[in-house]
1. When only alpha-carbon atoms are used, what values of Rg and Dmax, in angstrom, describe the range 9-147?
2. If you average the sequence gap of Cα pairs under 8 Å that are 6 or more apart and divide by the length of the range 9-147, what percent do you get for the contact order?
């Protein structure tokens, strides 16, 4: 998958295959190549309109499984999504990715902790997943309004 630049939130969510603003630079080392490979592999399932199908499938599977298995699968999904956002943030600097990457990775840890504690928090975690998505994209909207770009950069280099 090649990341493409789009100029609107609507295009970002309706463009199948992923977007990146600004485009990622040419990878300078093997770590950046690994990040690019990971985002290329996972973006078709976690970007654009297909994310809704992916999340619906994940909700269905985790609901159909028992508490322990469901939480483990849910934690796996959250870590894949969180890692995607963190990798995308590292390469493209999309503002929402720092919020969603940290938030969803934290949900994966919370799910694992719930397994250890013997608690079933699947429903609450899906609500939190949605709240983190809204918070991340809200943050990006505010950042874009203030800075003219959805790329989170604290200084120009």
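1. Over the range 9-147's Cα set, Rg and Dmax evaluate to 15.4, 46 Å.
2. Working: 167 pairs, mean separation 33.4, N = 139.
Once divided by the residue count of the range 9-147, the mean separation gives 24 percent.
Bear in mind that the values in this text are calculations on the coordinates, not laboratory data. Note that the coordinates shown come from a computational prediction; the quantities given were computed from them, not determined experimentally.
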